[in-house]
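The values are calculated or read from the model by the stated rules, or taken from the named source; none is laboratory data. This one's a predicted model, so the numbers in the text were calculated from it and none came from an experiment. Cβ sites come from the backbone with ideal geometry, for glycine too, and all protein chains shown count toward neighbours.
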Amino acid sequence: MDSGHMEIHRAVPEDALALTRIAFEAKRHWGYPEKWIESWSGSLTIHADFIASQETWKAVGELGIAGFYALAARSGELELEHLWVLPGAMGQGIGRELFVHAMECARRLAFGSVQIESDPNAEGFYLHMGARRVGRIAKPVGGEMRELPMLRFELGI
């Protein structure tokens with residue numbers, strides 16, 4: 001699927017299962033141990049009520065949903081809570097299109113910046129898109145501490 005044959009639409013609660021599948025498949029793409037994937041199941045599972053209450057958008061092409069993102073407002077900050085692309089659709093511009101759409105959505109919501117708690121494997125993508133590293137957070141997984149980059153994208157409004 002190439003991003004030229006893809007459209008971005010608002011996700012609906014009925015998309016929850018498909019979006020959850022995409023999140024799990026994309027996370028597995030990085031080769032994490034399955035016990036880590038299982039420990040992240042709560043954050044990778046997308047619930048219908050989440051879709052209904054947050055800015056959740058999907059990239060749809062000829063073969064169905066190829067990726068999605070979600071923005072969530074927490075404590076006066078806007079966070080890019082999810083941005084996932086199916087492994088078979090990676091490298092085709094879909095992630096870039098979703099990110100650009102997400103930042104346009106954030107501007108419409110009148111936020112000045114977007115916070116991103118990034119997977120270490122995705123940090124390069126976000127930096128390339130214009131985010132900057134503002135810190136890091138240590139989180140335990142599988143009995144060891146893992147450092148996650150904290151990024152911010154300034155919206156310039």
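A few remarks follow.
- Test: residue in the range 117-130 that is assigned to a strand (DSSP E or B) and touching a strand residue (DSSP E or B) at 6+ places or on another chain (Cβ under 7 Å): yes
- Residue list for the range 47-68, restricted to those being under 13 Å from residue 7 (Cα atoms) and either assigned to a strand (DSSP E or B) or of a type in the set (Lys, Arg) (or both): 57, 58, 59, 60, 61, 64, 65, 66, 67, 68
- All positions within the range 88-99 that are surrounded by 14 or more Cβ atoms within 10 Å (Cβ to Cβ) and either over 18 Å from residue 24 (Cβ atoms) or at pLDDT below 95 (or both): 89, 90, 92, 93, 96, 97, 99
- Residue count for the range 1-25, restricted to those that are modelled with pLDDT of 95 or more, surrounded by 19 or more Cβ atoms within 10 Å (Cβ to Cβ) and either within 13 Å of the chain's Cα centre (by Cα) or part of a loop (DSSP other than H, G, I, E, B) (or both): 4
- Once the range 55-78 is narrowed to residues that are surrounded by fewer than 18 Cβ atoms within 10 Å (Cβ to Cβ) and touching a residue at least 24 places away in the same chain (Cβ under 8 Å), the residue that is farthest from residue 148 (Cα to Cα) is 62.
- Close pairs (6 angstrom Cβ cut-off, 6 or more residues apart or separate chains): charged (D, E, K, R) in the range 83-104, in a helix (DSSP H, G or I) and surrounded by 17 or more Cβ atoms within 10 Å (Cβ to Cβ) anywhere: 97/3
- Whichever residue in the range 107-130 is more than 23 Å from residue 31 (Cβ to Cβ) and more than 14 Å from the chain's Cα centre (by Cα) and, among such residues, is surrounded by the most Cβ atoms within 10 Å (Cβ to Cβ): 111
- Search result, residues across the range 105-115 that are out of contact with any helix residue (DSSP H, G or I) (no Cβ under 7 Å at 6 or more places or on another chain) and in contact (Cβ under 8 Å) with a residue 12 or more places away in the chain: 105, 106, 107, 109, 110, 111, 112, 113, 115
- Verdict on residue 75 being more than 18 Å from residue 153 (Cα to Cα) and among the small types (Gly, Ala, Ser): no
- Of all residues making up the range 73-86, the number that are of a type outside the set (Phe, Trp, Tyr) and at pLDDT 95 or above: 8
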